[in-house]
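Asks: Structure below; questions to follow.
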Amino acid sequence: MSGTLSRRALLSVGGGLLLAFRLRAAEPEKTLPGSLATNPELDAWIRIAATGAVTLLTGKVELGQGVLTALAQILADELDIDLEAISVISGDTALSPNEGPTAGSLSMPSSGTAMRFAAAETRQVLIELAAMRLGVAGSTLRTERGLVIAEDGARLSYGDLLGGKALRRRATGSVPPRGERRHIGSSTPRLDLPAKVTGKPIFLHDYRPTELAHARILRPPAYGARLLEFDASAAAAMPGVVKVVRDGDFVAVIAERERQAARAIKVLAKAAHWSASAVGPSHETIHDWLKSWPAEDIRIVDKPQTRAAAKVVEATYRRPFLMHGSIGPSVAVGLFENGRYTIHTHSQSVFETAAAIVQMLGVADGDVRLIHVQGSGCYGHNGADDAAAEAALLARALPGRPVRVQWSRQDEHVWEPYGSAMQIELAASVDTGGDVIDWRCDLWSMPHSSRPGGVAGNLLPARMLAKPFPLPPAKVIPAPSYGPDRNAIPYYDFAGQRVTTHFVRDSPVRVSSLRSLGAHANIFAIESLMDQLAHDAQVDPIAYRLRHLKDPRASEVLTRTAEAFGWASFARLPGRGRGVAFARYKNLAAYCAVCLEVEVDLVEGAVRVVRAVAGVDAGAVVNPDGLRNQIEGGLLQSLSWSLKEEVRFGGGKVLSDSWAQYPILSFSEAPPVEVVVIDRPDALFLGAGEASQGPTPGALANAIFDASGLRLRAMPFTPARVRAGAGDQARKG
């Protein structure tokens with residue numbers, strides 16, 4: 001299979017017909033599946049050249065999740081072609097269908113479903129064209145690897161039938177998928193990996209167009225600081241400096257070489273004087289602040305019950321602010337030429353970010369084009385969109401030359417948007433058998449999304465301009481799937497449930513989307529308390545969960561994960577323990593269970609994860625290896641969050657400005673991970689990219705308890721926190 005097709009090559013296919021093609025989101029057609037509802041033209045998804053080469057177009061982008069490979073597998077099976085015939089264009093606002101951000105584990109349910117039906121219908125159109133050409137009934141024709149074949153052996157290639165022309169057909173959604181699995185269900189090697197493992201310049205960080213200029217941004221010393229005095233003369237006179245740019249509090253240096261820009265920005269920083277910032281809470285007081293600050297109370301479920309409880313068990317759980325922690329800092333390359341902007345970015349939301357940049361620059365919609373190029377992964381909203389906006393501003397200041405904006409490590413750590421801190425208070429009422437009859441949850445959280453969304457004020461540089469765009473008020477994302485209350489409603493069958501979100505619109509630090517949003521903390525809390533209830537009832541933790549589950553697919557995932565882990569035959573050793581947790585992501589996507597074995601040293605406070613087993617049911621599985629990678633990667637990232645990560649801040653400043661101040665899980669600390677995949681070929685695609693984030697800290701906390709008798713309810717489970725918990729336990733005991 002070929003790699004990404006160049007934009008120039010695509011535009012040359014079929015002469016001028018494709019040059020006139022400009023994609024815009026259409027009016028929604030609710031009857032069409034997946035992203036076809038907003039992009040109903042078949043040409044938005046598939047192009048067939050006269051040579052028979054096929055171009056797959058998608059608005060989703062490759063972030064390390066393997067989605068482009070999976071989409072190609074779907075296209076190959078439904079169109080009945082070889083994988084090698086497919087090239088891919090993704091995340092180009094001038095060419096790709098607008099599918100919104102690549103987020104929320106929606107790529108397969110939305111884009112994969114759309115591709116499946118678009119390809120099936122395109123194949124049917126090709127059969128109809130061949131029937132007219134051959135003068136036979138379409139029912140007598142079959143397809144095979146890019147050919148339509150008649151009963152008498154006559155054959156026409158897809159390229160012959162179209163001659164490079166566009167189909168100009170709107171999808172109807174009425175052609176069912178073929179159901180044949182030549183590529184779907186196999187672990188096809190990912191398209192993007194060969195270039196990555198051989199060191200080819202596939203990443204945006206390696207992109208070096210001719211006449212490239214380099215830029216660095218002058219950052220304020222703290223949140224809310226304003227530029228008071230500024231002397232650019234020394235920096236402007238330094239070797240290689242092309243221009244010092246200022247627009248309000250937005251200041252940058254453009255130079256011929258990256259090192260020259262980095263040196264000049266240090267000189268510029270010494271010549272800049274800023275106002276003091278307001279002092280707010282710190283990382284040590286954030287949860288008290290969170291509960292005391294004005295909040296909007298939103299009841300997301302209220303299902304009362306009247307049975308009397310034998311006992312009520314209460315507990316409080318906490319999560320700190322978390323970073324995306326992208327290994328490579330954010331970067332973008334912008335070019336302003338002939339009145340139009342072209343920006344290469346690793347943003348997950350190219351269409352929405354393009355619209356926000358249009359607003360920031362005050363230009364026409366078609367004058368800003370964003371092209372996605374792979375960057376370091378983040379799974380959420382990090383600094384990529386801000387870097388793209390900065391590249392646009394600096395390209396405007398230096399027309400005709402591409403300008404590369406590279407964030408420093410300190411830039412990324414201090415100025416990216418973080419995942420919100422949360423506090424969850426649970427109360428479970430149980431009957432005489434220990435079963436839950438009533439469940440109450442109160443959760444406090446700040447926003448979980450400030451993605452650009454077409455609004456300039458969500459872009460960091462837009463808020464710093466002389467005529468600034470204000471940060472828009474935080475919005476409540478509809479419950480229960482998408483905001484702080486994601487997975488706050490337990491998937492278990494409890495007779496009574498009441499879940500309330502206390503939504504705090506303000507935040508002392510910048511916040512936005514981080515992988516799984518509120519699900520990470522909510523599932524941690526639910527599964528920790530479920531484990532405690534199981535132990536109180538003297539029931540095996542897996543058996544306890546199974547008797548509260550009605551969904552047979554949930555029960556199967558939990559059971560098969562336990563079997564693979566060897567739960568029933570677990571050999572107990574001093575300081576060793578096992579833990580389990582389960583959730584269905586968003587209560588409507590993939591099912592995932594996690595079992596962990598840990599070793600705990602209460603004297604040192606050390607927690608070592610010995611091994612991990614995860615089970616997943618994501619419906620129909622396109623690429624088993626890709627699915628395993630997502631579950632394994634999510635589990636390891638979640639272990640890092642749960643054991644190590646916490647944004648430290650105070651006095652209006654972020655203190656976690658380096659890896660030394662914000663450590664993450666190392667290779668030596670990563671346990672072996674086994675993933676059990678349950679494939680359901682006839683089921684719908686279920687999003688799985690964030691499915692293991694929530695069960696992992698729950699399984700970890702439960703395993704720590706099993707090993708040590710210590711219940712940890714505040715992440716991260718650092719050595720200091722483990723030692724403190726052990727001390728408290730000893731004093732009480």
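The values are calculated or read from the model by the stated rules, or taken from the named source; none is laboratory data. Quick caveat, the model's predicted, so the values are computed rather than measured. When we count neighbours, we look across all protein chains shown, and the Cβ atoms used for this are built from the backbone with ideal geometry, even at glycine. Keep in mind that these areas ignore ligands, DNA and RNA; they rest on the heavy atoms of the full protein, side chains included. Shrake-Rupley method; radii C 1.70, N 1.55, O 1.52, S 1.80 Å.
Asks: As an exercise, use a Förster radius of 45 Å and the Cβ-Cβ distance of residue 200 and residue 172 to find the FRET efficiency, rounded to the nearest 0.05.
Replies: Here the calculated transfer efficiency is 0.65.
Asks: Next question, about the same structure. Considering only protein heavy atoms and a 1.4 Å probe, what is the carbon-and-sulfur percentage of the accessible area of the chain?
Replies: Heavy-atom surface of the chain belonging to carbon and sulfur, 1.4 Å probe: 53 percent.
Asks: Please grab the % of Cα pairs in segment 493-556 that end up more than 18 Å from each other. The partial results should precede the final answer.
Replies: Values: 1129 of 2016 pairs.
Within segment 493-556, distances greater than 18 Å cover 56 percent of Cα pairs.
Asks: Choose one of 332, 353, 313: the residue whose Cα lies farthest towards the positive end of the charge dipole of segment 244-383 (beta-carbon charges +1 Lys, Arg; -1 Asp, Glu; about the Cα centre).
Replies: Towards the positive end, the residue furthest out is 313.
Asks: In Å and from the alpha-carbon atoms only, list the Rg and Dmax of segment 400-538.
Replies: Spelled out, the Cα radius of gyration and Dmax of segment 400-538 are 19.8, 76 Å.
Asks: Rank-order 346-359, 566-579 by packing density, defined as the average count of other C-beta atoms within 10 Å over each peptide's residues, highest first.
Replies: On the way: 346-359: 26.4, 566-579: 14.3.
In descending order of packing, they fall as 346-359, 566-579.
Asks: Running Debye on segment 187-253 with equal point scatterers at the Cα sites and no solvent, what base-10 log of I(q)/I(0) appears at q = 0.14, 0.15, 0.17, 0.25 Å⁻¹?
Replies: After summing over all Cα pairs, the log10 values are -0.66, -0.71, -0.78, -1.13.
Asks: Post the alpha-carbon centroid distance, segment 356-408 to segment 66-103, in whole angstrom.
Replies: After rounding, the separation between the Cα centres reads 24 Å.
Asks: Using θ = phi - 60° and the Karplus form 6.51 cos²θ - 1.76 cosθ + 1.60, what ³J(HN,Hα) does each residue of segment 605-611 get, whole Hz, x for Gly and Pro?
Replies: Residue by residue, segment 605-611 yields x, 8, 10, 10, 7, 7, 7 Hz.
Asks: For residue 650, list long-range residues whose amide hydrogen, built 1.01 Å from N in the peptide plane, is under 5 Å from its own amide hydrogen.
Replies: Amide H to amide H, under 5 Å and 5 or more residues apart or across chains, residue 650 pairs with 655.
Asks: Classify segment 196-312 as rounded, prolate or oblate from the Cα gyration tensor: take a ≥ b ≥ c as the square roots of its eigenvalues, call it rounded if a/c is under 1.5, otherwise prolate when a/b beats b/c and oblate if not.
Replies: Note, shape of segment 196-312 comes out oblate.
Asks: Another question, if that's okay. How big, in percent, is the set of alpha carbon pairs in segment 623-689 lying more than 16 Å apart?
Replies: Looking at segment 623-689, the distances longer than 16 Å represent 60 percent of pairs.
Asks: Same structure, new question: Considering every pair of different Cα atoms, what Kirkwood radius, in Å, is found for segment 88-234?
Replies: Hydrodynamic radius (Kirkwood, Cα only) of segment 88-234 equals 20.9 Å.
Asks: Still on this structure: Could you tell me which residue out of 98, 501, 139 lies farthest along the dipole of the chain toward its positive end? Charges go on the beta carbon: Lys and Arg +1, Asp and Glu -1, centred on the Cα centre.
Replies: Projecting each Cα onto the dipole axis, the largest value belongs to 98.
Asks: Can you list the HN-Hα couplings for segment 706-720, worked out from phi with the Karplus curve (6.51, -1.76, 1.60; θ = phi - 60°), rounded to whole Hz and with x for Gly and Pro?
Replies: So the Karplus estimates, Gly and Pro as x, are 4, 7, 10, x, 9, 8, 9, 10, 10, 8, x, 8, 6, x, 4 Hz.
Asks: Within segment 27-112, list the trypsin sites (Lys or Arg not before Pro) lying in a DSSP loop whose Cβ has at most 13 other Cβ atoms in a 10 Å radius.
Replies: Qualifying residues, ordered by number: 30.
Asks: Once you have the Kirkwood Rh of the chain from its Cα pairs, apply Stokes-Einstein at 25 °C and 0.890 mPa s and quote D in µm²/s. Walk me through the numbers before you get to the answer.
Replies: On the way: Rh = 27.3 Å.
Value of D from the Cα-based Kirkwood radius: 90 µm²/s.
Asks: Given a Förster distance of 25 angstrom, what is the FRET efficiency for residue 432 paired with residue 570, based on the Cβ-Cβ distance and rounded to 0.05?
Replies: After rounding, the FRET efficiency stands at 0.30.
Asks: If you roll a 1.4 Å probe over the heavy atoms of the protein chains, what accessible area per residue do you get for the chain, in Å²?
Replies: 38
Asks: Can you give me the distance in nm between label points at residue 666 and residue 269, each placed 7 Å from the Cα along the Cα-to-Cβ direction?
Replies: 2.7
Asks: Taking every DSSP beta bridge that has both residues in the chain, what percent is antiparallel when rounded to the nearest 5?
Replies: On the way: 85 of 115 bridges.
Looking only at bridges with both residues in the chain, the antiparallel portion is about 75 percent.
Asks: Hey, which lysines would be in cross-link range of residue 475, C-alpha to C-alpha under 20 Å, not counting anything within fewer than 8 residues on its own chain?
Replies: Partners within reach: 291, 586.
Asks: How big is the Cα convex hull of segment 543-599 in projection, averaged over all directions, in nm²?
Replies: Mean shadow area of the hull around the Cα atoms is 4.3 nm².
Asks: If you bin the C-alpha pair distances of segment 268-328 every 5 Å from 0, what whole percents do you get?
Replies: 3, 8, 10, 13, 14, 15, 12, 8, 5, 4, 3, 2, 2, 1
Asks: Take the Cα atoms of segment 321-456, build their convex hull, and give its volume per residue in Å³.
Replies: 134
Asks: Something else about it: How large is the helix-only mean residue ellipticity at 222 nm for the chain, computed as the sum of -39500 (n - 2.57) over DSSP H runs with n ≥ 4, divided by its residue count, in deg cm²/dmol to the nearest 500?
Replies: -8000 deg cm²/dmol
Asks: Which Rg and Dmax, in Å, describe the Cα atoms of segment 462-530?
Replies: 16.0, 57
Asks: Segment 107-184 to segment 482-541: how many Å between their Cα centroids?
Replies: Between the Cα centre of segment 107-184 and that of segment 482-541, the gap is 46 Å.
Asks: On to the next question. Could you name the lysines in cross-link range of residue 243, using Cα to Cα under 19 Å and dropping any fewer than eight places away on the same chain?
Replies: The reachable lysines, counting only those whose Cα sits under 19 Å from residue 243, are 266, 270.
Asks: I'd like the distance between the alpha-carbon centres of segment 642-680 and segment 207-273, rounded to an integer number of Å.
Replies: Between the Cα centre of segment 642-680 and that of segment 207-273, the gap is 32 Å.
Asks: Per 10 Å bin from zero, what fraction in whole % of the C-alpha pairs of segment 140-202 is there, up to the bin with the longest pair?
Replies: 15, 25, 33, 21, 5
Asks: For the pair residue 31/residue 211, report the inter-label distance in nm, with labels modelled 7 Å from Cα in the Cβ direction.
Replies: Spacing of the two 7 Å Cα→Cβ label points: 5.2 nm.
Asks: Let me ask you something else. So what are the three principal axis dimensions of segment 578-685 from its Cα atoms, in whole Å, longest to shortest?
Replies: 54, 35, 23 Å, listed from the longest principal axis down.
Asks: Right, next: If you average 1/r across every pair of different Cα atoms in segment 294-358 and take the reciprocal, what Kirkwood value do you get, in Å?
Replies: Working: mean 1/r = 0.0540 Å⁻¹.
The answer is 18.5 Å.
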